[in-house]
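Everything below concerns the one structure shown next.
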Amino acid sequence: MVGPVEAEKGELQKPQMSDCRDAYASMLENLAEQDARVCVVINDSLSSAKMKDFKTKYPLRFINVGIAEQNMVGVGNGLANGGMVPYLCGASCFLTARAMEQVKVDLAYSKANVRICGMSSGMAYGQLGPTHHSIEDIAWTRILPNLTVIVPADDVETAAVMRYSLHHEGPMFIRISRIPVPRVHRDEYEFRLGKAVKLRDGSDVTIITNGVLVSRALDAASLLEQEGKSARVLNMSTIKPLDEEAIVDAARSTRGIVTAEEGLAAGGLGGAVAEVLALRHPTPMRILGLQDVFAPTGSAEFLLQHFNLTATGMRDAALNLIAERT
Amino acid sequence: MSLGEGSGRPSIADDKAQWLSEKANWIRLSAMSMTNHAKLGHTGGDLSSADILATLYLGQILNVDPNKPLLQERDRFVMSKGHCSGAFYSTLAARGFFPIEQLKTFMEPLSMLNGHPDRNKLPGVEANTGPLGHGLPIAVGMALAARMRNEAWRVFVLVGDGELQEGSNWEAAMCAQQYSLDNLIVIVDRNRIQQGDFTESTIRMEPLMDRWTAFGFAVQQLDGHDHLALHQAFSSVPLEKGKPSCFIATTIKGKGVSFAENKPAWHHGVPTEEQLEIAQRELGVEATW
Ligand SMILES: Cc1ncc(C[n+]2csc(CCOP(=O)(O)OP(=O)(O)O)c2C)c(N)n1
Ligand SMILES: [Mg+2]
């Protein structure tokens, strides 16, 4: 576990919201400048993947395969084989769901040095609906051997993960939202693969989450403080390899775990945490997420509220868990 | 748009074509109003497909009954380019599948009118589309079912031209040829633009007619904004017995609204109030709803 990186009140500036796609896109340009092997593949996703500037600066290292995701992932394998470091940039729903066998065979099984940058994951596409939501991607990707899975929480972490990715051996899935989020990490934050980030310590319960929900978990911890409860908050940005020690330590010292994820509750982060605890330290849990349903129509924010993926939702789950325990 | 004396086309009358063109423009304005209201939508492809949709649903091509939307022997229509739900929903409402009033709820919280069509929510929707390249395989399955049941209904499927870059379409096309599915009619909305750019500067689609021909389809190219031509074409299927039919409908993305015509940026452009007013004037439509 990294940290604890204290996020005490007043130390961080007033939250300025950012779209993590901006951080990913500008870091990708930096990487391309440093390393001539870096190249980008899109699927007619020039603006949704924010690749206009990259295309202008590095036209020879930029491929648009058109609306063809299965081809895109196969091409990624070939580029890596040929000595390039490809970043496949497009909507997460299509890059995973549509091309899942290519992800399994051409990337994971093949151990190809390819990075999938899955944009607008979770329910970021809001009203466009379940076809465009990517609430399944964590369950699908985290079970694949060899595939590293990362869900950054803010612009700082997104940039840090991208910087890290250049030298990573093997395939990666990086999940990047378009939902604006406040900064939860300090500028000098350094990403460490497979290490949870303890953003706040506590003794009564631990909230484990990642991505766009991390700032909400910090808010939930403040709400819990008002109730006289002390909550630890872990940003589990690496889903795979999972930081088992941080999970077991949290279970030992806080005796209750609430997980929250922007996706299906089954098979995702909550499932991963539960697998560790069932074997190593059985502990009461609450798993927040979509409970075996596709989302109704509504904006991303509406849907997060609808599914209790909010500070109050996490607070209530934690209080409920604590009440049941005592 | 008039049917010249003695042109010999077996077709609908002039006044009917005029009526269809007015209906298509109503669909256009309705779709734009929905997009303006939701601040999300796909204006360009809504406008390019309006004449095709109007002809199919309001020109009595499709044998469907809004009061019995699940009648076994109905014709099936699959809106494979599901992102153009604005035009599709407006057409279904105009045909009577649900109240026109309901169009106002487009993409609102808990609305039945999701950004992409959901057959479990809205009568008249046959397939849940949105990810491109799903409609044609589904349509092939439908056509096979009609064949197995020895029933006479047909399957029409509207695909985008960019959409045809998905390989699944060509897998389905080969299957349609293999099973001689002459109850299957593919309509390509050939507006030459996809999401980020023109098709030919992304992944080129030409020679599109030759491609469909090579895949075993009877192919006809036509003006996708000419109601007489569309009506005549859709009335004369299959184009060839024993072969699936493909109509390449030459269209203009953003058709009918000057500022949106043939502009890639209007793929998912959202009209402002002022632009909506200009559109209304140019389309010559009374307020929609
Ligand atoms: C599998 C998949 N990949 C990407 C997208 C994103 N997308 C939505 S519309 C569109 C362009 C479609 O172009 P075209 O088929 O030509 O439709 P039209 O011009 O009629 O709007 C794209 C890439 C998608 N919906 N599905
Ligand atoms: Mg097109």
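For the criterion of being surrounded by fewer than 24 Cβ atoms within 10 Å (Cβ to Cβ) and over 26 Å from A:V65 (Cβ atoms), B:P238 passes. Residue count for the stretch A:24-44 satisfying the condition of being closer than 23 Å to A:P152 by Cβ, assigned to a loop (DSSP other than H, G, I, E, B) and within 14 Å of chain B (Cβ to nearest Cβ): 1.
Here is a check on your reading of the model: is A:E101 within 16 Å of ligand 1 (Cβ to nearest atom), among the acidic types (D, E) and farther than 25 Å from A:V293 by Cβ? Considered against the rule, which asks whether it is within 16 Å of ligand 1 (Cβ to nearest atom), among the acidic types (D, E) and farther than 25 Å from A:V293 by Cβ, A:E101 comes out as yes. From the list A:D187, A:D155, A:D106, A:D201, the lone residue that is touching a Cys at 6+ places or on another chain (Cβ under 7 Å) and more than 14 Å from chain B (Cβ to nearest Cβ) is A:D155. Could you list, in sequence order, the residues of the stretch B:94-112 that are away from chain A (no Cβ under 13 Å) and not in a loop (DSSP other than H, G, I, E, B)? B:A94, B:R95, B:I100, B:E101, B:L103, B:K104 - these are the residues of the stretch B:94-112 that are away from chain A (no Cβ under 13 Å) and not in a loop (DSSP other than H, G, I, E, B). Taken as a whole, the structure places B:S180 among residues that are more than 16 Å from ligand 2 (Cβ to nearest atom) and in contact with a Gly (Cβ under 6 Å, 6 or more places away or on another chain). Considering B:P117, B:P109, B:P131, B:P123, the condition of being surrounded by fewer than 20 Cβ atoms within 10 Å (Cβ to Cβ) and either small (G, A, S) or within 26 Å of A:A91 (Cβ to Cβ) (or both) is satisfied by B:P109 alone. Residues in the stretch A:45-90 that are away from every other protein chain (no Cβ under 12 Å), surrounded by fewer than 22 Cβ atoms within 10 Å (Cβ to Cβ), hydroxyl-bearing (S, T, Y) and in contact (Cβ under 8 Å) with a residue 12 or more places away in the chain: A:Y58 alone. State yes or no: is A:L79 in contact with a strand residue (DSSP E or B) (Cβ under 9 Å, 6 or more places away or on another chain) and within 26 Å of A:H133 (Cα to Cα)? In short, no. The sole residue among B:L239, B:L222, B:L158, B:L208 that is of a type in the set (A, V, I, L, M), farther than 30 Å from A:Y125 by Cα and within 16 Å of ligand 2 (Cβ to nearest atom) is B:L208. Yes or no: the stretch B:68-89 includes at least one residue that is modelled with pLDDT of 95 or more and farther than 24 Å from B:I138 by Cα. Checked the stretch B:68-89: no residue is modelled with pLDDT of 95 or more and farther than 24 Å from B:I138 by Cα.
Restricting to the stretch B:132-146, name every residue that is without any contact (Cβ under 8 Å) to a residue 40 or more places away in the chain and either within 16 Å of ligand 1 (Cβ to nearest atom) or within 14 Å of another protein chain (Cβ to nearest Cβ) (or both).
Across the stretch B:132-146, the qualifying residue is only B:P137.
The residues of the stretch B:162-177 that are within 15 Å of ligand 2 (Cβ to nearest atom) and either without any contact (Cβ under 8 Å) to a residue 40 or more places away in the chain or farther than 21 Å from B:K243 by Cβ (or both), listed by number, are B:G162, B:E163, B:Q165, B:E166, B:N169.
Can you confirm whether B:D65 is among the charged types (D, E, K, R), assigned to a loop (DSSP other than H, G, I, E, B) and either crowded, with 23+ Cβ neighbours inside 10 Å or at the interface with chain A (Cβ under 9 Å from one of its Cβ atoms) (or both)? Spelling it out, it is not the case that B:D65 is among the charged types (D, E, K, R), assigned to a loop (DSSP other than H, G, I, E, B) and either crowded, with 23+ Cβ neighbours inside 10 Å or at the interface with chain A (Cβ under 9 Å from one of its Cβ atoms) (or both).
The values are calculated or read from the model by the stated rules, or taken from the named source; none is laboratory data. Quick caveat: nothing in here was measured; it's all calculated off a predicted structure. Because the Cβ atoms are built from the backbone with ideal geometry, glycine has one as well, and the counts that use them run over all protein chains shown.
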